[in-house]
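The values are calculated or read from the model by the stated rules, or taken from the named source; none is laboratory data. Remember, predicted model here, so these are calculated numbers, not experimental data. Here the Cβ positions follow ideal geometry from the backbone for every residue, glycine too, while neighbour counts run over all protein chains shown. Accessible surface is based on the protein model in full, side chains and every heavy atom, while ligands, DNA and RNA are left aside. Shrake-Rupley method; radii C 1.70, N 1.55, O 1.52, S 1.80 Å.
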Amino acid sequence: MARRNEKARTAVRDPERTRHRILEAALKEFAARGFAGARVSGIARRAKINKRMLYHYFGDKEELYRAVRRHKICQRKRSVGAQVSDLDPVSSLPAWFRQNCQDTDWVRLLAWESLQTTRDVVLDEKERRRGVAEAVERVRQKQALGQLRADVPARYLQLARISLTMFPTVLPQLARLITGRPPRDRKFQREYAQFLETISGAFRP
């Protein structure tokens, strides 16, 4: 009991740290079970807090799921953004692939979302459409500058970028059956990053 009370006092004293711990625990739970299968009690247990504290910070499971997505997207942008800020979307393929290899929880979260979405609408649909539109616009600008081929719609170039950098981690069993190595294998990662660098020439004029 004393130990539990100490954790509760720590959560009150350091709310930002507690919030971060909840987000990390929620990512693990959502990645393991999807939004539909995840339980608030499981997230609270992973975060070593009580459910009341979780509701205090995030309201409900849906709002927590939104917060996890936003937190992870910002985290990924910070992690890779400095590396690719001066690159076109194609030159950044190896960097985003390596990030996906490190972000397997994020990749599984997206896979669960695909499996559990029963309508053609996802949480935060409007906000996420804006984010996608911004990415497509960046591709379009590179096309206008002559850095990317202009005979392919920008939205499909963006789709190809996401597909190429994420496919091995979304379907690791197929990557292993085809190449003989799982995506977590360092040699596979090196060779696939080299492959992405090689084929990026096909996206340029």
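So which residues in the range 89-142 are open to solvent by less than 50 Å² (accessible area, probe 1.4 Å), touching a helix residue (DSSP H, G or I) at 6+ places or on another chain (Cβ under 9 Å) and acidic (D, E)?
Within the range 89-142, D103, D105, E113, D124 qualify.
When you go through D185, D105 one by one, which is the residue that is touching a residue at least 12 places away in the same chain (Cβ under 8 Å) and charged (D, E, K, R)?
Of the residues listed, the single one that is touching a residue at least 12 places away in the same chain (Cβ under 8 Å) and charged (D, E, K, R) is D105.
Does R21 count as closer than 30 Å to Y156 by Cβ and either touching a strand residue (DSSP E or B) at 6+ places or on another chain (Cβ under 8 Å) or not hydrophobic (A, V, I, L, M, F, W, C) (or both)?
no
Surrounded by 18 or more Cβ atoms within 10 Å (Cβ to Cβ), in contact with an Asp or Glu (Cβ under 8 Å, 6 or more places away or on another chain) and on the phi < 0 side of the Ramachandran plot, is that true of L148?
For L148, the condition - surrounded by 18 or more Cβ atoms within 10 Å (Cβ to Cβ), in contact with an Asp or Glu (Cβ under 8 Å, 6 or more places away or on another chain) and on the phi < 0 side of the Ramachandran plot - is met.
Going by what's in this entry, would Q189 be described as at pLDDT 95 or above, in a helix (DSSP H, G or I) and surrounded by fewer than 16 Cβ atoms within 10 Å (Cβ to Cβ)?
Criteria not met by Q189.
Residue under question is K72, and the condition is that it be in contact with a helix residue (DSSP H, G or I) (Cβ under 7 Å, 6 or more places away or on another chain), modelled with pLDDT of 85 or more and open to solvent by 70 Å² or more (accessible area, probe 1.4 Å); does it hold?
no
Looking at the range 47-60, is at least one residue at pLDDT 90 or above, at positive phi and open to solvent by 70 Å² or more (accessible area, probe 1.4 Å)?
yes
From the residues in the range 34-46 that are within 24 Å of V107 (Cβ to Cβ) and of a type in the set (A, V, I, L, M), which one is surrounded by the fewest Cβ atoms within 10 Å (Cβ to Cβ)?
Once the filter is applied, the top-ranked residue is A36.
Can you pull out every residue in the range 153-171 that is among the charged types (D, E, K, R) and buried (at least 19 other Cβ atoms within 10 Å of the Cβ)?
Listed by number, the list holds a single entry, R161.
For T179, are the conditions met, namely being open to solvent by less than 50 Å² (accessible area, probe 1.4 Å) and among the hydroxyl-bearing types (S, T, Y)?
no
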